[in-house]
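*Asks:* Structure provided below as C-alpha coordinates; questions to follow.
The values are calculated or read from the model by the stated rules, or taken from the named source; none is laboratory data. As the structure is a prediction and not an experimental result, all values here were calculated from the model. Heads up, the Cβs are rebuilt from the backbone with ideal geometry, glycines too, and the neighbour counts pull from every protein chain shown.
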Amino acid sequence: MIELRDVCKRLGERQVLDHMSFRVPKGMNFVLMGPSGCGKSVTLKHVIGILRPDSGSVQVDDQDVQSMDRAQLMALRKRMGYLFQNGALINWLTVAENVALPLREHARVSKSELQQRVHEVLGLVGMDHAATQYPPAISGGMKLRTGLARALVTNPEYVLYDEPNAGLDPIISKQIHELIVEVRDRLGVTGLIVTHSRACATQCGDRIGIIENGRLGIEGSVAEILASDNPLARSFLDGGTD
Ligand SMILES: Nc1ncnc2c1ncn2[C@@H]1O[C@H](COP(=O)(O)OP(=O)(O)OP(=O)(O)O)[C@@H](O)[C@H]1O
Ligand SMILES: [Mg+2]
(Lines give C-alpha, C1' and ligand atoms only; values in the text may rest on other atoms or scores of the structure.)
(Ligands and ions follow the chains in the order given, each with its own letter.)
Protein backbone atom coordinates (compact mmCIF):
# COMPACT_ATOMS: atom_id res chain seq x y z
CA MET A 1 0.00 0.00 0.00
CA ILE A 2 1.07 3.57 -0.72
CA GLU A 3 0.00 6.03 1.95
CA LEU A 4 0.46 9.80 2.21
CA ARG A 5 -0.39 11.31 5.58
CA ASP A 6 -0.71 15.07 5.93
CA VAL A 7 2.11 15.74 3.48
CA CYS A 8 3.04 19.43 3.27
CA LYS A 9 5.53 20.74 0.72
CA ARG A 10 6.51 24.29 -0.07
CA LEU A 11 8.34 24.94 -3.34
CA GLY A 12 9.52 28.50 -3.91
CA GLU A 13 6.71 30.82 -2.82
CA ARG A 14 3.99 28.22 -3.12
CA GLN A 15 2.54 25.80 -0.60
CA VAL A 16 2.12 23.09 -3.26
CA LEU A 17 0.99 20.26 -0.98
CA ASP A 18 -1.02 21.22 2.09
CA HIS A 19 -1.89 18.23 4.26
CA MET A 20 -2.23 15.86 1.31
CA SER A 21 -3.49 12.45 2.45
CA PHE A 22 -4.63 9.36 0.58
CA ARG A 23 -4.11 5.60 0.44
CA VAL A 24 -3.63 3.31 -2.52
CA PRO A 25 -4.36 -0.27 -1.41
CA LYS A 26 -2.63 -3.14 -3.18
CA GLY A 27 -4.03 -4.24 -6.51
CA MET A 28 -5.85 -1.00 -7.21
CA ASN A 29 -5.49 1.79 -9.78
CA PHE A 30 -5.83 5.12 -7.99
CA VAL A 31 -6.29 8.16 -10.23
CA LEU A 32 -5.12 11.66 -9.23
CA MET A 33 -6.70 14.52 -11.14
CA GLY A 34 -6.45 18.29 -10.84
CA PRO A 35 -5.61 21.41 -12.84
CA SER A 36 -2.19 22.08 -14.30
CA GLY A 37 0.26 23.09 -11.58
CA CYS A 38 -1.83 21.72 -8.68
CA GLY A 39 0.89 19.32 -7.55
CA LYS A 40 0.22 15.99 -9.29
CA SER A 41 3.77 15.36 -10.45
CA VAL A 42 5.10 16.73 -7.15
CA THR A 43 2.96 14.11 -5.39
CA LEU A 44 4.40 11.28 -7.54
CA LYS A 45 7.93 12.55 -6.83
CA HIS A 46 7.25 12.21 -3.10
CA VAL A 47 6.18 8.60 -3.58
CA ILE A 48 9.51 7.61 -5.15
CA GLY A 49 11.52 9.83 -2.83
CA ILE A 50 12.80 12.40 -5.36
CA LEU A 51 11.19 15.02 -3.12
CA ARG A 52 10.83 14.82 0.66
CA PRO A 53 7.93 16.35 2.59
CA ASP A 54 8.43 19.37 4.87
CA SER A 55 6.08 17.58 7.26
CA GLY A 56 3.82 14.55 7.17
CA SER A 57 4.77 11.10 5.95
CA VAL A 58 4.94 9.02 2.80
CA GLN A 59 4.83 5.29 3.31
CA VAL A 60 5.11 2.34 0.97
CA ASP A 61 4.19 -0.96 2.61
CA ASP A 62 4.59 0.68 6.04
CA GLN A 63 8.13 1.86 5.29
CA ASP A 64 8.80 5.59 5.59
CA VAL A 65 10.05 6.82 2.21
CA GLN A 66 11.23 10.18 3.58
CA SER A 67 13.70 8.58 5.97
CA MET A 68 15.21 6.11 3.49
CA ASP A 69 18.91 6.29 2.68
CA ARG A 70 20.24 5.98 -0.86
CA ALA A 71 20.45 2.18 -0.85
CA GLN A 72 16.90 1.86 0.49
CA LEU A 73 15.63 4.31 -2.15
CA MET A 74 17.31 2.26 -4.89
CA ALA A 75 15.62 -0.87 -3.53
CA LEU A 76 12.27 0.95 -3.45
CA ARG A 77 12.65 2.17 -7.04
CA LYS A 78 13.28 -1.36 -8.20
CA ARG A 79 9.83 -2.24 -6.86
CA MET A 80 8.28 0.83 -8.42
CA GLY A 81 8.05 1.51 -12.17
CA TYR A 82 7.62 5.08 -13.42
CA LEU A 83 5.97 5.86 -16.74
CA PHE A 84 7.02 9.35 -17.76
CA GLN A 85 4.99 11.67 -19.93
CA ASN A 86 5.59 10.76 -23.61
CA GLY A 87 7.68 7.81 -22.51
CA ALA A 88 10.82 9.98 -22.02
CA LEU A 89 12.92 7.63 -24.14
CA ILE A 90 16.57 8.08 -25.05
CA ASN A 91 16.67 8.77 -28.77
CA TRP A 92 20.03 7.19 -29.54
CA LEU A 93 19.15 3.86 -27.92
CA THR A 94 16.88 1.31 -29.58
CA VAL A 95 13.49 0.39 -28.14
CA ALA A 96 15.00 -2.77 -26.61
CA GLU A 97 18.00 -0.88 -25.17
CA ASN A 98 15.68 1.73 -23.63
CA VAL A 99 13.62 -1.01 -22.01
CA ALA A 100 16.74 -2.73 -20.67
CA LEU A 101 18.02 0.39 -18.85
CA PRO A 102 16.46 -0.20 -15.41
CA LEU A 103 17.76 -3.78 -15.39
CA ARG A 104 21.30 -2.55 -16.00
CA GLU A 105 20.95 -0.10 -13.13
CA HIS A 106 19.39 -2.38 -10.60
CA ALA A 107 20.11 -6.00 -11.15
CA ARG A 108 23.08 -8.19 -11.90
CA VAL A 109 21.60 -10.23 -14.71
CA SER A 110 23.34 -12.12 -17.48
CA LYS A 111 23.07 -10.92 -21.05
CA SER A 112 20.76 -13.76 -22.03
CA GLU A 113 18.49 -13.23 -19.01
CA LEU A 114 18.35 -9.55 -19.84
CA GLN A 115 17.43 -10.21 -23.47
CA GLN A 116 14.81 -12.73 -22.41
CA ARG A 117 13.19 -10.31 -19.96
CA VAL A 118 13.20 -7.42 -22.47
CA HIS A 119 11.64 -9.70 -25.08
CA GLU A 120 8.94 -10.81 -22.61
CA VAL A 121 7.98 -7.33 -21.57
CA LEU A 122 8.00 -5.96 -25.13
CA GLY A 123 5.67 -8.82 -26.04
CA LEU A 124 3.37 -7.85 -23.21
CA VAL A 125 2.93 -4.31 -24.55
CA GLY A 126 2.76 -5.40 -28.21
CA MET A 127 6.13 -3.91 -29.19
CA ASP A 128 8.25 -6.98 -29.89
CA HIS A 129 8.23 -6.31 -33.63
CA ALA A 130 9.83 -2.87 -33.10
CA ALA A 131 12.64 -3.86 -30.72
CA THR A 132 15.43 -2.60 -32.99
CA GLN A 133 13.82 0.71 -33.95
CA TYR A 134 14.90 4.08 -32.57
CA PRO A 135 12.42 6.38 -30.77
CA PRO A 136 12.41 9.19 -33.39
CA ALA A 137 11.08 6.64 -35.91
CA ILE A 138 8.11 5.42 -33.88
CA SER A 139 4.67 6.90 -33.14
CA GLY A 140 3.55 8.50 -29.88
CA GLY A 141 1.53 5.43 -28.95
CA MET A 142 4.53 3.16 -29.57
CA LYS A 143 6.72 5.46 -27.43
CA LEU A 144 4.27 5.16 -24.60
CA ARG A 145 4.17 1.37 -24.93
CA THR A 146 7.96 1.33 -24.83
CA GLY A 147 7.91 3.57 -21.73
CA LEU A 148 5.45 1.19 -20.14
CA ALA A 149 7.66 -1.80 -20.98
CA ARG A 150 10.59 0.02 -19.37
CA ALA A 151 8.47 0.73 -16.28
CA LEU A 152 7.57 -2.97 -16.06
CA VAL A 153 10.92 -4.59 -16.84
CA THR A 154 12.01 -5.00 -13.21
CA ASN A 155 8.71 -6.71 -12.44
CA PRO A 156 7.56 -3.93 -10.08
CA GLU A 157 4.75 -4.16 -7.55
CA TYR A 158 3.81 -0.54 -8.18
CA VAL A 159 3.72 1.64 -11.28
CA LEU A 160 3.36 5.43 -11.24
CA TYR A 161 1.86 6.74 -14.48
CA ASP A 162 2.32 10.46 -15.22
CA GLU A 163 -0.20 11.47 -17.92
CA PRO A 164 -0.21 8.13 -19.73
CA ASN A 165 -2.34 9.36 -22.63
CA ALA A 166 -0.99 12.89 -23.13
CA GLY A 167 -0.82 13.75 -26.81
CA LEU A 168 -2.47 10.55 -28.04
CA ASP A 169 -5.65 10.31 -30.10
CA PRO A 170 -8.72 8.66 -28.50
CA ILE A 171 -8.22 5.29 -30.21
CA ILE A 172 -4.57 4.92 -29.20
CA SER A 173 -5.42 6.28 -25.74
CA LYS A 174 -8.02 3.55 -25.32
CA GLN A 175 -5.43 0.89 -26.18
CA ILE A 176 -3.07 2.32 -23.56
CA HIS A 177 -5.89 2.36 -20.99
CA GLU A 178 -6.63 -1.29 -21.74
CA LEU A 179 -2.97 -2.10 -21.25
CA ILE A 180 -2.95 -0.30 -17.88
CA VAL A 181 -5.97 -2.35 -16.78
CA GLU A 182 -4.26 -5.53 -18.00
CA VAL A 183 -1.13 -4.64 -16.00
CA ARG A 184 -3.32 -4.40 -12.91
CA ASP A 185 -5.31 -7.55 -13.58
CA ARG A 186 -2.71 -9.91 -15.06
CA LEU A 187 0.39 -8.76 -13.22
CA GLY A 188 -1.32 -7.61 -10.01
CA VAL A 189 0.43 -4.23 -10.21
CA THR A 190 -0.82 -1.41 -8.00
CA GLY A 191 -1.10 1.83 -9.98
CA LEU A 192 -1.05 5.53 -9.18
CA ILE A 193 -2.18 7.38 -12.29
CA VAL A 194 -2.01 11.13 -12.89
CA THR A 195 -4.26 12.41 -15.64
CA HIS A 196 -6.45 15.25 -16.89
CA SER A 197 -8.47 12.87 -18.96
CA ARG A 198 -11.95 11.69 -18.05
CA ALA A 199 -11.56 8.66 -20.32
CA CYS A 200 -8.30 7.65 -18.68
CA ALA A 201 -9.74 8.10 -15.19
CA THR A 202 -12.92 6.15 -15.84
CA GLN A 203 -11.38 3.41 -18.01
CA CYS A 204 -8.32 2.72 -15.82
CA GLY A 205 -9.29 3.80 -12.35
CA ASP A 206 -10.81 2.07 -9.34
CA ARG A 207 -10.79 5.24 -7.26
CA ILE A 208 -10.38 8.89 -8.16
CA GLY A 209 -9.02 11.72 -6.03
CA ILE A 210 -9.18 15.32 -7.25
CA ILE A 211 -6.62 17.81 -5.93
CA GLU A 212 -7.80 21.21 -4.72
CA ASN A 213 -5.66 23.63 -2.70
CA GLY A 214 -2.85 21.14 -2.16
CA ARG A 215 -4.92 18.21 -0.92
CA LEU A 216 -7.71 15.96 -2.14
CA GLY A 217 -10.90 18.01 -2.43
CA ILE A 218 -12.91 14.88 -3.15
CA GLU A 219 -12.15 11.16 -3.30
CA GLY A 220 -14.28 8.15 -4.09
CA SER A 221 -14.82 5.14 -6.31
CA VAL A 222 -15.19 5.89 -10.01
CA ALA A 223 -18.95 5.24 -9.73
CA GLU A 224 -19.27 7.57 -6.72
CA ILE A 225 -17.36 10.38 -8.42
CA LEU A 226 -19.36 9.99 -11.64
CA ALA A 227 -22.65 10.14 -9.71
CA SER A 228 -21.59 12.95 -7.35
CA ASP A 229 -23.00 16.46 -7.69
CA ASN A 230 -19.89 17.90 -6.05
CA PRO A 231 -18.79 20.86 -8.23
CA LEU A 232 -15.13 19.79 -8.23
CA ALA A 233 -16.07 16.32 -9.48
CA ARG A 234 -18.37 17.79 -12.10
CA SER A 235 -15.77 20.25 -13.36
CA PHE A 236 -13.35 17.37 -14.08
CA LEU A 237 -15.70 14.70 -15.27
CA ASP A 238 -18.39 16.51 -17.25
CA GLY A 239 -18.21 17.10 -20.96
CA GLY A 240 -15.63 15.90 -23.44
CA THR A 241 -14.81 12.33 -24.21
CA ASP A 242 -11.04 12.31 -24.06
N1 LIG B 1 11.51 21.90 -8.16
C2 LIG B 1 10.58 22.87 -8.07
N3 LIG B 1 10.92 24.11 -7.61
C4 LIG B 1 10.00 25.09 -7.50
N5 LIG B 1 8.70 24.94 -7.83
C6 LIG B 1 8.31 23.74 -8.30
C7 LIG B 1 9.23 22.64 -8.45
N8 LIG B 1 8.55 21.57 -8.93
C9 LIG B 1 7.28 21.99 -9.06
N10 LIG B 1 7.12 23.27 -8.69
C11 LIG B 1 5.87 24.03 -8.67
O12 LIG B 1 4.93 23.25 -7.97
C13 LIG B 1 3.65 23.36 -8.55
C14 LIG B 1 3.10 21.99 -8.87
O15 LIG B 1 3.87 21.39 -9.92
P16 LIG B 1 3.51 19.98 -10.56
O17 LIG B 1 4.59 19.70 -11.53
O18 LIG B 1 3.27 18.99 -9.49
O19 LIG B 1 2.14 20.29 -11.29
P20 LIG B 1 1.16 19.27 -12.03
O21 LIG B 1 -0.09 19.19 -11.24
O22 LIG B 1 1.89 18.01 -12.31
O23 LIG B 1 0.84 20.07 -13.37
P24 LIG B 1 0.73 19.56 -14.92
O25 LIG B 1 -0.65 19.05 -15.05
O26 LIG B 1 0.94 20.82 -15.68
O27 LIG B 1 1.80 18.55 -15.14
C28 LIG B 1 3.82 24.27 -9.77
O29 LIG B 1 3.45 25.58 -9.39
C30 LIG B 1 5.30 24.20 -10.05
O31 LIG B 1 5.74 25.39 -10.64
MG1 LIG C 1 2.70 17.14 -14.03
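*Asks:* Which of (1) touching a Pro at 6+ places or on another chain (Cβ under 8 Å); (2) over 16 Å from Leu44 (Cβ atoms); (3) of a type outside the set (Phe, Trp, Tyr); (4) crowded, with 23+ Cβ neighbours inside 10 Å does Ile193 not meet, given it meets every other one?
*Replies:* With respect to (1) touching a Pro at 6+ places or on another chain (Cβ under 8 Å); (2) over 16 Å from Leu44 (Cβ atoms); (3) of a type outside the set (Phe, Trp, Tyr); (4) crowded, with 23+ Cβ neighbours inside 10 Å, Ile193 is out only on (2).
*Asks:* Given the conditions (1) surrounded by fewer than 19 Cβ atoms within 10 Å (Cβ to Cβ); (2) assigned by TED's automatic domain parsing to the domain that holds Gly37; (3) more than 16 Å from Gly34 (Cα to Cα), report the number of the one that Cys204 does not fulfil.
*Replies:* It fails just one condition, (1).
*Asks:* Which one of Val24, Val31, Val65 is within 15 Å of ligand 1 (Cβ to nearest atom) and in the same structural domain as Gln203 (by TED's automatic domain parsing)?
*Replies:* Exactly one of Val24, Val31, Val65 is within 15 Å of ligand 1 (Cβ to nearest atom) and in the same structural domain as Gln203 (by TED's automatic domain parsing), namely Val31.
*Asks:* For region 28-109, which fully contained strands (runs of 3 or more DSSP E) count at least 2 residues that are out of contact with any helix residue (DSSP H, G or I) (no Cβ under 9 Å at 6 or more places or on another chain) and surrounded by fewer than 21 Cβ atoms within 10 Å (Cβ to Cβ)?
*Replies:* Counting at least 2 such residues, we get 55-60.
*Asks:* Can you name the number of the only condition in (1) more than 14 Å from ligand 1 (Cβ to nearest atom); (2) surrounded by fewer than 18 Cβ atoms within 10 Å (Cβ to Cβ) that Gln15 fails?
*Replies:* Looking at each condition in turn, Gln15 falls short on (1).
*Asks:* Here's a follow-up. Restrict the check to region 165-177 and report whether at least one residue is closer than 22 Å to Leu17 by Cβ and crowded, with 23+ Cβ neighbours inside 10 Å.
*Replies:* So far as region 165-177 goes, no, none of its residues is closer than 22 Å to Leu17 by Cβ and crowded, with 23+ Cβ neighbours inside 10 Å.
*Asks:* Confirm whether Gln203 is under 24 Å from Asp229 (Cβ atoms), over 12 Å from the mean Cα position of the chain (by Cα) and more than 16 Å from ligand 2 (Cβ to nearest atom).
*Replies:* yes
*Asks:* Further question: What single numbered condition from (1) of a type outside the set (Phe, Trp, Tyr); (2) within 22 Å of Lys40 (Cα to Cα); (3) part of a loop (DSSP other than H, G, I, E, B) fails to hold for Thr154?
*Replies:* (2)
*Asks:* Out of curiosity, is Leu93 out of contact with any Cys (no Cβ under 6 Å at 6 or more places or on another chain), modelled with pLDDT under 95 and more than 16 Å from ligand 1 (Cβ to nearest atom)? Before you say what the answer is, go through the steps one by one.
*Replies:* On the way: out of contact with any Cys (no Cβ under 6 Å at 6 or more places or on another chain): yes; modelled with pLDDT under 95: no; more than 16 Å from ligand 1 (Cβ to nearest atom): yes.
Against the criterion (out of contact with any Cys (no Cβ under 6 Å at 6 or more places or on another chain), modelled with pLDDT under 95 and more than 16 Å from ligand 1 (Cβ to nearest atom)), Leu93 does not qualify.
*Asks:* Next question, about the same structure. Can you tell me which residues in region 18-71 are of a type in the set (Lys, Arg), more than 11 Å from ligand 2 (Cβ to nearest atom) and touching a residue at least 60 places away in the same chain (Cβ under 8 Å)?
*Replies:* Across region 18-71, the qualifying residue is only Lys26.
*Asks:* With the condition kept exactly as written, say whether any residue in region 214-231 is outside the structural domain of Glu13 (by TED's automatic domain parsing) and within 27 Å of Met20 (Cα to Cα). Full working, then the answer.
*Replies:* Of region 214-231, the ones outside the structural domain of Glu13 (by TED's automatic domain parsing) are none.
The answer is no; no qualifying residue exists.
*Asks:* Which of the residues spanning region 166-196 are over 15 Å from Leu152 (Cα atoms), part of a loop (DSSP other than H, G, I, E, B) and either among the hydrophobic types (A, V, I, L, M, F, W, C) or under 14 Å from the mean Cα position of the chain (by Cα) (or both)?
*Replies:* Hits for region 166-196 are Ala166, Leu168, Thr195, His196.
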